[in-house]
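Novice: So that we are looking at the same thing, I have put the structure below in structure tokens.
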Amino acid sequence: MELFIDTANLKEIEEFSKTPFIKGVTTNPSLIAKEGKSQSEIIETISTLIDGPISAEVTAEDEEGMLLQARKLHQIKPENIVIKLPMTTAGLSVCKKLHDEHIPTNVTLCFSLSQALLAFESHATYVSPFLGRLDDNGWDSAKLIEEIVKVKKNYGYETKIICASIRSVSHVETCALLGADIATVPYKVLKKLISHPLTDSGLVAFEKDSAKTKNV
Ligand code: E4P
């Protein structure tokens, strides 16, 4: 399963751009708003840091407005920019139009199997089911991911499943066990993926013991 970083913070992206395991970035209007710069400025800088898919979201609600924003954002770096579209009738219609223009898309705010099916049928490049927000509201996010993966396999859809709204290490592990294609993970959770208390105590013990022997 590939890992993306879910943030618009340039320092966080720069830090993880140096690792071998971060393959892309997802942003959304709320993440962009925290940074105090325009979306275009932020996306432009991200595209200098990461050579992989970078999702930038349209904010217009009508088809014409979405298409205008999408084409403009895509121009920032055509080989990397993915257009994030809302799970609405207009969003799905724009999804098919952008597919025909060879512009990759990420249909976001997916909370049900039927919504994922519509994204598959609209030729989305990616669909983003939101785990954390489902669990926060009493739904079972693992069941949804299992079902979306099954339907994708049943019909051979090429849309990649990006598990989003990740809140914990266990969310990431569950997505990998269930066969999701990608998890987009916030900075704090990425940090936790790397660490384990037994790794830390093991390193301290090895360091202490190596001081007792001669350097190789
Ligand atoms: C994904 O693309 C979204 O940006 C993100 O995962 C939303 O997460 P949240 O529910 O923590 O806001």
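The values are calculated or read from the model by the stated rules, or taken from the named source; none is laboratory data. Remember, it's a predicted structure, so these values are computed and weren't measured experimentally. Positions of Cβ are backbone-derived with ideal geometry, glycine not excepted, and every protein chain shown enters the neighbour counts. Note: areas computed on protein heavy atoms with side chains; ligands, DNA, RNA excluded. Shrake-Rupley method; radii C 1.70, N 1.55, O 1.52, S 1.80 Å.
Novice: Report for the chain the percent antiparallel among DSSP-assigned beta bridges with both residues inside it, nearest 5.
Specialist: 0
Novice: Enumerate the calculated ³J(HN,Hα) couplings along the range 168-177 in order (Karplus 6.51 cos²θ - 1.76 cosθ + 1.60, θ = phi - 60°), each rounded to whole Hz, writing x wherever the residue is Gly or Pro.
Specialist: 8, 4, 5, 4, 5, 5, 4, 4, 5, 5
Novice: Rounded to the nearest 20 debye, what is the charge dipole size of the range 43-118 about its Cα centre when +1 sits on each Lys and Arg Cβ and -1 on each Asp and Glu Cβ?
Specialist: Using Cβ point charges on Lys, Arg, Asp and Glu, the range 43-118 gives about 100 debye.
Novice: Any chance you could run the full-extension gain for LYS96 through SER40? It's 0.36 nm times the residue separation minus the Cα-Cα distance, nm to one decimal.
Specialist: Between LYS96 and SER40, full extension yields an extra 17.8 nm.
Novice: Continuing with this model, one more query. Taking C-beta distances below 4.7 angstrom as the pairing criterion, name the unpartnered cysteines of the chain, in sequence order.
Specialist: CYS95, CYS110
Novice: Report relative contact order for the chain in percent, whole number only (criteria: Cα-Cα under 8 Å, sequence separation at least 6).
Specialist: 17
Novice: Let me ask you something else. Compute for the range 1-67: radius of gyration divided by Kirkwood radius, i.e. Rg/Rh, restricted to C-alpha atoms, rounded to two decimals.
Specialist: Ratio of gyration radius to Kirkwood radius: 1.00.
Novice: Given the options MET1, CYS95, PHE206, identify the residue whose Cα lies farthest towards the positive end of the charge dipole of the chain (+1 on Cβ of Lys, Arg; -1 on Cβ of Asp, Glu).
Specialist: PHE206
Novice: Further question: Dividing the Cα convex hull volume of the range 124-216 by residue count, how many Å³ per residue is that?
Specialist: 146
Novice: Now for a different question. Show me 31-43, 1-13, 124-136 ranked by packing, highest mean number of other Cβ atoms within 10 Å first.
Specialist: The most tightly packed comes first, giving 124-136, 1-13, 31-43.
Novice: Now for a separate question. For the Cα atoms of the chain, what angle does the longest principal axis make with the long axis of helix 89-100, in degrees from 0 to 90, nearest 10?
Specialist: Approximately 80 degrees, to the nearest ten.
Novice: So, R0 is 25 Å and r is the distance between the beta-carbons of PHE206 and GLU2; what FRET efficiency does that work out to, to 0.05?
Specialist: According to the calculation, E is roughly 0.20.
Novice: Translational D (Stokes-Einstein, µm²/s) of the range 83-180 at 25 °C and 0.890 mPa s when Rh comes from the Kirkwood sum over C-alpha pairs?
Specialist: 184
Novice: Further question on the same structure: Based on the Cα atoms of the range 36-143, what semi-axes does the equivalent ellipsoid have, where each is the square root of 5 times one gyration tensor eigenvalue, given in whole Å with the largest first?
Specialist: Value: 24, 17, 13 Å, ordered largest first.
Novice: Which entries in LYS11/LYS188; LYS18/LYS191; LYS160/LYS191; LYS37/LYS72; LYS34/LYS96; LYS11/LYS34 show an alpha-carbon gap greater than 20 Å?
Specialist: Table pairs above 20 Å Cα-Cα are LYS160/LYS191; LYS34/LYS96.
Novice: Return P(r) of the chain (all Cα-Cα pairs; 5 Å bins starting at 0; whole %; ordered from short to long distances).
Specialist: Per 5 Å bin, starting at zero, the Cα-Cα P(r) for the chain comes out as 1, 7, 15, 17, 19, 15, 11, 5, 3, 3, 2, 1, 1, 0, 0 percent.
Novice: Let me ask something else about it. Would you mind working out the accessible area per residue for the range 127-216, using a 1.4 Å probe, and quoting it in Å²?
Specialist: 64
Novice: What is the angle, in °, between the Cα long axis of helix 39-49 and the longest principal axis of the Cα atoms in the chain? Nearest 10 is fine, range 0 to 90.
Specialist: Its long axis makes an angle of about 50 degrees.
Novice: Which value in deg cm²/dmol, rounded to the nearest 500, describes the helix-derived mean residue ellipticity at 222 nm for the chain, given -39,500 (n - 2.57) per DSSP H run of n ≥ 4 and division by the residue count?
Specialist: Calculated mean residue ellipticity at 222 nm is -15500 deg cm²/dmol.
Novice: Follow-up question, since we're still on this one. For the chain, give the percent of accessible area contributed by carbon and sulfur heavy atoms, probe 1.4 Å, rounded to a whole number.
Specialist: 55
Novice: Another one. Hey, can you find the accessible area per residue of the range 22-65 for me, probe 1.4 Å, expressed in square angstrom?
Specialist: That works out to 49 Å² for each residue.
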